[in-house]
1. Sort the following peptides by mean Cβ neighbour count (other Cβ atoms within 10 Å, averaged over residues), highest first: 67-79, 32-44, 84-96.
2. What do you get for the angle between helix 38-48 and the principal long axis of the chain? Use alpha-carbon atoms, 0 to 90 degrees, nearest ten.
3. So for the chain, taking the charge dipole from beta-carbon charges (+1 Lys/Arg, -1 Asp/Glu), which of Phe72, Met20, Val98 sits furthest toward the positive end?
4. Expressed as a whole percentage, what fraction of the accessible surface of the chain belongs to carbon and sulfur atoms when a 1.4 Å probe is rolled over the protein heavy atoms?
5. Angle check, please: helix 55-67 long axis (alpha carbons) against the longest principal axis of the chain (alpha carbons), in degrees 0 to 90, nearest 10.
6. Can you give the accessible area per residue of the range 2-114, in Å², using a 1.4 Å probe?
7. What is the P(r) of the chain, as percent of Cα-Cα pairs per 10 Å bin from 0?
8. Give the calculated FRET efficiency between Gln31 and Ile8 to the nearest 0.05, with a Förster radius of 35 Å applied to their Cβ-Cβ distance.
Amino acid sequence: SVPKEFRIERKILGDPLADMPPLNPNPPLFQPRGRFTEERRQQFLKEHDTGFLTPAELDVLSDMMSKQNRAFAWDNTERGSFRTDFFPPVVIPTIPHVPWTEHNRPIPPGLEAE
């Protein structure tokens, strides 16, 4: 059994998706919001328009991404983290030890004589 201080306990209270707007099957023309700009939309469509989704489905996806723009990170400066009240920080147990001081040999021992 894992000691209590190292257990991962999720405390999701209520419905975290309750405030999520419903998908609109007939979205309006694209409106850039926040992080999801026209340039990023074009980049997304260029990289993901494989023919699997129809143009209408891509429009619904673009509308959803526009409304939920803070859920997407386009670079490391926009990256976030999970809510700590839902997912508390994880403590990783370690064993006290002396780090290795020997370095790897660049040449395998069987080839050293050559």
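The values are calculated or read from the model by the stated rules, or taken from the named source; none is laboratory data. This is a predicted model, so every value here is computed, not measured. Using ideal geometry, Cβ is built from the backbone for each residue, glycine included, and neighbour counts are taken over all protein chains shown. Calculation scope for accessible area: heavy atoms of the full protein, side chains included, ligands and nucleic acids excluded. Shrake-Rupley method; radii C 1.70, N 1.55, O 1.52, S 1.80 Å.
1. With the highest mean Cβ count within 10 Å placed first, the list reads 32-44, 67-79, 84-96.
2. 70
3. The Cα lying farthest towards the positive end belongs to Met20.
4. It is 58 percent, rounded to a whole number.
5. Its long axis makes an angle of about 70 degrees.
6. Solvent-accessible surface per residue comes out at 90 Å².
7. Bin by bin from 0 Å, the calculated values are 10, 24, 20, 16, 15, 11, 4, 0.
8. Calculated transfer efficiency: 0.35.
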